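I have placed the structure first, in the form of C-alpha cells, so that the comments after it can refer back to it.
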Amino acid sequence: MVRINLTVDGARVADDVEPRMLLVHYLREKLGKTGTVVGCDTSNCGACTVHLDGTSVKSCNVLAVQADGGEVTTIEGLAQDGQLHPVQEAFRECHGLQCGYCTPGMIMQSVDLLKDNPNPSEEEIRLGLEGNLCRCTGYHNIVRAVQHAAGAGASQVPGQTEAVQA
C-alpha cells in the first residue's frame, strides 16, 4: 500500500491505496464520486474525464498514486453553492445529453476547452471534444451547449477569480 494525499472537489483526503489502483476506481470506490463514469477502461471514450491540477485527464489512464499531492475536480465538484456550473446548465438547457453516460466526461472536457479558448468556433469545439465519445446524440446539441456556455462566460473555473481586462 502507498499513502496518498490530495484534494478532491475542495476537500483534503489521505488514503492508503494499492499502487496499481486507477484514479477512476479510487474516486468511485473510496470516495463515492460516482459521477465519474467507468466507460471503456482503455482511455478511448472519455466518460471518466476529471480535472487533475486544472487540466482534463482520463482517470482510467491515471494511477491514483500519480495524483498524490494534486488537486482533482470531478463532475460533482463543478457546482458551487447549489448552483450548476455554466457548462452543466448549458448541457441541461440545450439538451446536450440523452442517456447521460458520456455527459460527465463531456462536461469536464468542455470546461477545460473553454478555459483555454473562451470563444471557440464549432470546429474548435468538435476538435476539443474529439477524445470524448457519445453514442446517442450525434454531437449537435453537445456542440450547441458548449457554444451556449461560452456565451454565458463559462470559461471561469470554480475557485478562480475573473481577470480584469484593460
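Output the residue which, of all residues in the range 69-98 that are of a type in the set (A, V, I, L, M, F, W, C) and more than 25 Å from residue 31 (Cα to Cα), is farthest from the chain's Cα centre (by Cα). Only one residue tops the list, namely 94.
The set of residues in the range 77-103 being surrounded by fewer than 20 Cβ atoms within 10 Å (Cβ to Cβ), more than 16 Å from residue 36 (Cβ to Cβ) and not basic (Lys, Arg) consists of 80, 81, 82, 83, 84, 89, 93, 94, 95, 98, 99.
Taken as a whole, the range 50-64 holds no residue that is among the polar types (S, T, N, Q), more than 19 Å from residue 143 (Cβ to Cβ), over 12 Å from the mean Cα position of the chain (by Cα) and not in a helix (DSSP H, G or I).
The set of residues in the range 129-147 being over 14 Å from the mean Cα position of the chain (by Cα), outside any loop (DSSP other than H, G, I, E, B) and of a type in the set (A, V, I, L, M, F, W, C) consists of 142, 143, 145. None of 137, 103 is modelled with pLDDT of 95 or more and hydroxyl-bearing (Ser, Thr, Tyr) except 103. Taking the range 1-23 as the range and being out of contact with any Lys or Arg (no Cβ under 8 Å at 6 or more places or on another chain), crowded, with 20+ Cβ neighbours inside 10 Å and under 15 Å from residue 75 (Cα atoms) as the test, only 23 passes. When restricted to residues that are farther than 17 Å from residue 101 by Cα and not hydroxyl-bearing (Ser, Thr, Tyr), the range 115-147 contains 16.
Scanning the range 8-42 for residues that are touching a residue at least 60 places away in the same chain (Cβ under 8 Å) and part of a loop (DSSP other than H, G, I, E, B) yields 9, 10, 35, 36, 37, 39.
The rows are residues; the columns are (1) under 13 Å from residue 132 (Cβ atoms); (2) in contact with a Ser or Thr (Cβ under 8 Å, 6 or more places away or on another chain); (3) hydrophobic (A, V, I, L, M, F, W, C).
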| position | (1), (2), (3) |
| --- | --- |
| 14 | no, no, yes |
| 31 | no, no, yes |
| 44 | yes, no, no |
| 51 | no, yes, no |
| 64 | no, no, yes |
| 92 | no, no, no |
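Residue-wise test of (1) closer than 23 Å to residue 151 by Cα; (2) acidic (Asp, Glu); (3) not in a helix (DSSP H, G or I).
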| site | (1), (2), (3) |
| --- | --- |
| 69 | no, no, yes |
| 72 | no, no, yes |
| 92 | yes, no, no |
| 112 | yes, yes, no |
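Checking each residue in the range 9-56 for being touching a helix residue (DSSP H, G or I) at 6+ places or on another chain (Cβ under 6 Å) and small (Gly, Ala, Ser) picks out 35, 43, 46, 47, 56.
The values are calculated or read from the model by the stated rules, or taken from the named source; none is laboratory data. Keep in mind that this is a model prediction, so the values were computed, not measured. Backbone-built Cβ (ideal geometry, glycine too); neighbour counts: all protein chains shown.
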